[in-house]
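Step one of this worksheet: look at the structure below.
The values are calculated or read from the model by the stated rules, or taken from the named source; none is laboratory data. None of these values were measured; they are calculated from a predicted model. Neighbour counts are summed over all protein chains in view; Cβ atoms, including those assigned to glycine, are modelled from backbone coordinates with ideal geometry.
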């Protein structure tokens, strides 16, 4: 490995702890991981930071609804987010949380510094507030009366607040963006920020709230908490060791400015306007690039719990595999436009790319080497047709992958690797090792063909490692070699003669489309059964009953002297009741599903006693016991109306 090419700092947006991250959220961490693994492979000293954003009104409301503290709520959700990141085999160097006390202390210092130098001032705010987005809007910014970012309802808010003078730095930021064309990527995102937000003029930003308490307190003005975006955005510098007095930690000195802030396009404004202006006000250099990646859509729409189309990464991993999901996310997402996820497309990609092109190449080659050469590599000097083309492509592909990755065109980088894999499969068809294996005179040529294929697979495994790390390890195991570094791709012929390869293994099995779709449907039906209302109560009757009719119904307190199941009936219980008349009353009730007879003896119930007698299972029932009926989670429930035992038998209810 060459000496380090220098530091490289990449951050993801920190995930908001309002709930479990869906596959669209997870795409960002997988994309970031592939970039960071690649940068490490080619020789950079990488610092990869991710984590969770844990303050705000929405968090406080969710915690209150569950009857837990906000800290308990975010602890649980942050743990789930980190679990998902780990399930996806991401290699972050630091997982940060904005409830970290040192971060909170630094946020207070940043806020105070900006206030003391006049960049933050106190005023009154009145406008429309979107709780999910933690954003204020003017009337003109609303779209059909709703939040322009998420489309949800907004509420009118008026409160005392601190404001950040964005307008003071607007011209300076426009000049910076125009002089640094790669600062905002892709290009279309840059034009959107300049034309839609900066040139029309910036309004000063509300940066404190008083209507909730779950946030970083403004230490010099009790009652105010720091607005979530100042709190959240500053994580990119506070955790590596930024200090407002300039006594920065070694990590901050080494890695800042960040090379890439990797974020979703929906929060581009905060990262390319608010955050750079904050840094300008603090006198700190700006990140080299903010990359606003597209969205992953499910079917033809953005994921939403209200739409019922939310997909979670851990479910897909259980149904497919980590690397199958990683491959789909990385290969199917365009550079600048939204991508689409469907089960059918995922199955097709597993079959066409991972099973047919990659898996088939590795399995066929390793199997043929063991069959024809006992798994031992021999001299490979018997050159022939098609060798030069394959070897040339092998040697060119690493450079092509690097060029694509330098532009963060991850899908295109994977396409370069799979172009090589396709060429290797074609090489098998061209050289026909199975024919060479039948002719002893062709042994030297067969050995060369197999060697070239194994070297091609080695190249591919090294290049695939940042994207499909588990699969690359399994390929190295079949080749029986240690994982190679990027420098090993400068020469074709690193595998030594006499080397013994390992056992063949199926990397990705082909999936039957119909069977897999049925399996997926069954999986989701079992794990996420259709929601039914927790409680269903029969609608009240709209038919009026006159008072005289009601008064003719005789409701009495009755005491259970005896209770037993009726023979040959699964539903009926037979009650012997004291109704206060001195003569026992018999009532039959179809409640055996909910009560055991012995549970009811001695209880005081309510019965209507002036109904006409009726025969049931050969027994007379003189009246009806009163009960309440409802449905709970789809199941019918019944509760007998029981009253205090202090009420005497026969007492009239009125």
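Evaluated against (1) in contact (Cβ under 8 Å) with a residue 60 or more places away in the chain; (2) under 24 Å from residue 14 (Cα atoms); (3) exposed (fewer than 14 other Cβ atoms within 10 Å of the Cβ), residue 60 falls short on exactly one condition, (3). Among the conditions (1) without any contact (Cβ under 8 Å) to a residue 12 or more places away in the chain; (2) out of contact with any helix residue (DSSP H, G or I) (no Cβ under 8 Å at 6 or more places or on another chain), the only one that residue 72 does not satisfy is (2). In the set 455, 430, 470, 482, only one residue is assigned by TED's automatic domain parsing to the domain that holds residue 368 and under 30 Å from residue 290 (Cα atoms); that residue is 470. Taking residue 230 as the residue in question, decide whether it is in a helix (DSSP H, G or I) and either at pLDDT below 90 or within 20 Å of residue 165 (Cα to Cα) (or both). It is true that residue 230 is in a helix (DSSP H, G or I) and either at pLDDT below 90 or within 20 Å of residue 165 (Cα to Cα) (or both). Restrict the check to segment 15-24 and report whether at least one residue is in contact with a strand residue (DSSP E or B) (Cβ under 6 Å, 6 or more places away or on another chain), at pLDDT 95 or above and assigned to a helix (DSSP H, G or I). Scanning segment 15-24 turns up no residue that is in contact with a strand residue (DSSP E or B) (Cβ under 6 Å, 6 or more places away or on another chain), at pLDDT 95 or above and assigned to a helix (DSSP H, G or I). Just to be sure, is residue 414 in a helix (DSSP H, G or I), over 33 Å from the mean Cα position of the chain (by Cα) and buried (at least 22 other Cβ atoms within 10 Å of the Cβ)? So residue 414 fails the test.
State all residues of segment 233-254 that are out of contact with any helix residue (DSSP H, G or I) (no Cβ under 6 Å at 6 or more places or on another chain), crowded, with 20+ Cβ neighbours inside 10 Å and not in a loop (DSSP other than H, G, I, E, B); if no residue qualifies, say none. Spell out the reasoning first.
Within segment 233-254, the first condition is being out of contact with any helix residue (DSSP H, G or I) (no Cβ under 6 Å at 6 or more places or on another chain), and the residues that meet it are 235-237, 239, 243, 245-254.
Of the ones still in play, those that are also crowded, with 20+ Cβ neighbours inside 10 Å are 235-237, 239.
Selection gives 235, 236, 237.
Residues in segment 258-286 that are more than 22 Å from the chain's Cα centre (by Cα), over 16 Å from residue 207 (Cα atoms) and in contact (Cβ under 8 Å) with a residue 60 or more places away in the chain: 258, 259, 272, 280, 286. Of all residues in segment 151-210, those being touching a helix residue (DSSP H, G or I) at 6+ places or on another chain (Cβ under 6 Å), farther than 18 Å from residue 229 by Cα and in a strand (DSSP E or B) number 1.
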